[in-house]
1. For the stretch A:441-476, name all the residues that are part of a helix (DSSP H, G or I) and open to solvent by less than 10 Å² (accessible area, probe 1.4 Å).
2. When A:L214 is evaluated against the numbered criteria (1) crowded, with 24+ Cβ neighbours inside 10 Å; (2) more than 11 Å from chain B (Cβ to nearest Cβ); (3) touching a Lys or Arg at 6+ places or on another chain (Cβ under 6 Å), which criterion, by number, is the only one it fails?
3. Answer with yes or no whether A:S153 is in contact (Cβ under 8 Å) with a residue 24 or more places away in the chain, within 25 Å of A:D66 (Cβ to Cβ) and either among the hydroxyl-bearing types (S, T, Y) or more than 8 Å from chain B (Cβ to nearest Cβ) (or both).
4. Would you kindly identify the helices (runs of 4 or more DSSP H) lying entirely within the stretch A:306-420 that contain at least 2 residues that are closer than 23 Å to A:T263 by Cβ?
5. Do the conditions hold for B:I232, that is, is it within 15 Å of ligand 2 (Cβ to nearest atom), in contact with a Ser or Thr (Cβ under 8 Å, 6 or more places away or on another chain) and farther than 19 Å from B:I61 by Cα?
6. Looking at A:I480, A:I424 in this structure, which one is farther than 19 Å from A:L3 by Cα, more than 16 Å from ligand 3 (Cβ to nearest atom) and within 14 Å of another protein chain (Cβ to nearest Cβ)?
7. Residues being open to solvent by 60 Å² or more (accessible area, probe 1.4 Å) and facing chain A (nearest Cβ under 7 Å): count how many of those fall in the stretch B:67-97.
8. Looking at A:E410, A:E395, A:E388, can you tell me which residue is without any contact (Cβ under 8 Å) to a residue 40 or more places away in the chain and touching a helix residue (DSSP H, G or I) at 6+ places or on another chain (Cβ under 6 Å)?
Amino acid sequence: MKLDAKIPEGELAEKWTKYRGSMNLVAPNNKRRLDVIVVGTGLAGASAAATLGELGYNVKCFTFHDSPRRAHSIAAQGGINAAKNYQNDGDSIYRLFYDTIKGGDYRSREANVHRLAECSTEIIDQAVAQGVPFAREYGGLLANRSFGGVQVSRTFYARGQTGQQLLLGAYSALSRQIAKGQVKMYNRHEMLDLVKIDGKARGIITRNLLTGKLDRHAAHCVVLATGGYGNVFYLSTNAMGSNVSAAWRSVKEGALFANPCYTQIHPTCIPVSGEYQSKLTLMSESLRNDGRVWVPKTIEDAQAIQRGEKRAEDLPEEDRDYYLERRYPAFGNLVPRDVASRAAKVASDEGKGVVKTGLGVYLDFADAIQRYGKSEAFSLGIANPSAEKIKELGEAIVKAKYGNLFQMYEKITGENPYKTAMKIYPAVHYTMGGLWVDYNLQTNVPGLFALGEANFSDHGANRLGASALMQGLADGYFVIPYTIGTFLADEIRTSKIANDTPEFLEAEQRVQNRLDQLMAIKGNQSVESFHRRLGKIMWEYCGMSRNAEGLKKGRQLIRELRKEFYEDVYIPGTTDEFNPELEKAARVADFLELGELFAVDALDRGESCGGHFREESTENGEAKRNDEDYTYVSAWEWDDNNPILHKEELTFENVELKTRSYK
Amino acid sequence: MNLTLKIWRQKNNGSNGHFENYQVEAEEHMSFLEMLDVLNQQLIEKKQDPVAFEHDCREGICGACSMVINGRPHGSQTGTTACQLHMRAFKTGDTITIEPFRANAFPVIKDLAVDRSSFDAIMQAGGYISVNTGQAVDGNAIPVEKADADEAFDSATCIGCGACVAACPNGSAMLFTSAKINHLSKLPQGQVEHSRRVKNMVRVMDKEGFGKCSNVGACEVDCPKEISTDNIAALNRYYLGSVLFGQD
Ligand SMILES: Cc1cc2nc3c(=O)[nH]c(=O)nc-3n(C[C@H](O)[C@H](O)[C@H](O)COP(=O)(O)OP(=O)(O)OC[C@H]3O[C@@H](n4cnc5c(N)ncnc54)[C@H](O)[C@@H]3O)c2cc1C
Ligand code: SF4
Ligand code: FES
């Protein structure tokens, strides 16, 4: 299969403008006759459904949640990037583009990333107009902060709840279109299959989660905005319901899955506390602006801490190893996520971890509290502030900046992070891989589009902080409303798609058979227990550090687990009722296949790049990329025995490929 | 720790519910929902029907979790959702009663899961600013005083969980509705449609079967985001303004 990314001709900075200005348009009277299905109501799906509705398309929108507002995007904390240069600190569209390409370790498409940077500024305007209460300065203008791995302040934020506020903005725009009848909303409807007619995506099969009823929904095209697949690891910062099934069912219908092994492991999460753990909680990256990461210098001290005999405060400065500052003097605690995560693993693997399990490092605010306390005392004109006064003033500043995060930490761990250092450890957070799409965000299946975390397009092998919200909203508000026209302009003569064609009936039967098959197993083990075991295999063999032998073994173990699942899973209840266990079973079944593809992809990519670290490909202990052999996107066609690799070569015309260095 | 759970079991909306007792072994660092996971794992192993409950983010932001714990929506810890509760708040030997959110406008689906689509209906009646994609001016063209922006934010943090409704003896949705209205009204962008928004959202709130507010104040106490009843007072003023005096 020849993969055509359909990147427009012309200068990088002009591609999008020229393309947009010359593409085929669909006239308003024709839009009224065209039906579009949008699956997902996260930032990408809600913004797309609302905007397509505003343009006059008939939109049907689906979510498995009980309300569009509950999509996983709601949980994003830290912020959203935009090249506004409001701070006059040298930011520009080109710089955001360059940072994103470099941050992604040169494994993304120049043209897509440049377009993303261009759209970023419009997103902020749109969100402000919707009433998103971004943080502001006293002068009434928008505030910014700098965020993970970049040297300008371009991140807009709404306390630690930026995703919530942006999603509520998109949800309100969507609600307005629902009220107008432009969007028909289907809550608690899960897409279980894709329907193709003559090779084109023409509909989906859904299950009404309240009644179990299967429905056939037809449209001229289908847009998936169904989020990421981090939960293949079971433990991740994703919401419990996040899953890969919509994308995976499309793969089964011929769509290609790109770069499955590119996973972001976030360095600042609350460590695992026990076997019962069901999910992991992220502590926003913004904490690294002020917190210092360290472990004890000696294993003896670490062991005393693990046994609970010593605490962070008991160790004098000279016995601490601020290993990020030591190893990466230029960026210190602000190195990109993948670098920070691996360094935490290295420290813990050396036996220097600071929690009971040995898997955890400190994130310490004591210095920040001192620093802020002193400067606040100075600005208040307090001549000789006491140590307590400094601490009090410093804590107040830290509270104003990170109060809700500190509170969240205390709720979960029962420890007060103002008094004792936080403990953190990396956790699976975001998946850069996803459905392969071209410049139009169209998959290789005509009429099937993918947006947001569900596609692979903009972050290469590693995503920069505050860029997922930007991408989801760029895709939904500013890209798909145009590029969907490239497909639909040729469909204006296609009449309404009927939902009772043989293709639809066959797809519905396929879904029914699959559900019946799962129910009929009637084994002895719970769905959850299989998911947990899959997660352990993934973390052990496909986690922060990978090697050929482990990946082969991991793949084998996943295949065995899949076999066992189909022999011994137990699902209570029936298919024709509200049955959360059945919902989970169908999702875990898909993860059991995706997990294998993940291992296959990680094995194929014999280089280290971004979030993908191959032990065989290092130099002086740091990751070593191999541009000669691996400057391509891996787009996989699924096959039970041997997935087939299709390569999209990446060409760089505007940036020079460099080794990322944060030293 | 050893716990006795007294849980509301109800097969579906058409059937009657009842309490059932279960024994479960928990650990202090577990979250409340992880404790329920342990119970469900036990039930599944015995091939019994697991307890249905809503949850997703498990970090207090999606608003999915919704249960009454020992008589209080989300339990008795202030500013905390059920998913953020940890078992260190309980001790061995405790009996914990767990019920669904009960309100006229939230029909039970199964066990602890209820249907809160009535909140979406209120939002659709006017919980937005009418601006199409692409119509916005530059973000800094609309300065907003920091205090106003902060106040708008405080109201905007509502997670749409419905605890306020479950806490209210009248099953009123005033806290939820007023929080959204106040969020938008505090911002210059939200002024244009203010009066219409107030009228329409209040009308749909009544139509969806929520009760009247009689200033009990239980909503604020149990709201996990500590949304203040000042929002309700403001809405009452707006409502008088827009309905009685026709002010815009
Ligand atoms: C804790 C946390 C913090 C984060 N913080 C930040 C941050 O500060 N900045 C940043 O830029 N990014 C952040 N991210 C990443 C970012 O939040 C996500 O990548 C992004 O929100 C994904 O949006 P989405 O619209 O693609 O998908 P989602 O928000 O995951 O939405 C998926 C939607 O698809 C629906 N769906 C899925 N499958 C089906 C199906 N089969 N049938 C029907 N409906 C389906 C779901 O119901 C949901 O509506 C964070 C992520 C996490 C986990
Ligand atoms: S006002 Fe509070 S209790 Fe009511 S829905 Fe919002 S967050 Fe929940
Ligand atoms: S599960 Fe999301 S708020 Fe409790």
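1. Correct list: A:G452, A:A454, A:M470, A:Q471, A:G472, A:L473, A:A474, A:D475, A:G476.
2. Failed condition: (1).
3. It is false that A:S153 is in contact (Cβ under 8 Å) with a residue 24 or more places away in the chain, within 25 Å of A:D66 (Cβ to Cβ) and either among the hydroxyl-bearing types (S, T, Y) or more than 8 Å from chain B (Cβ to nearest Cβ) (or both).
4. Here the list reads A:323-327, A:337-347.
5. yes
6. Answer to the selection: A:I480.
7. So the count comes out to 1.
8. A:E395
The values are calculated or read from the model by the stated rules, or taken from the named source; none is laboratory data. Note that the structure is predicted; figures quoted are calculated from it, not measured. In this analysis, Cβ positions are derived from the backbone assuming ideal geometry, glycine residues included, and neighbour counts consider all displayed protein chains. To get the accessible areas, we keep the full protein, side chains included, count just its heavy atoms, and leave off ligands, DNA and RNA. Shrake-Rupley method; radii C 1.70, N 1.55, O 1.52, S 1.80 Å.
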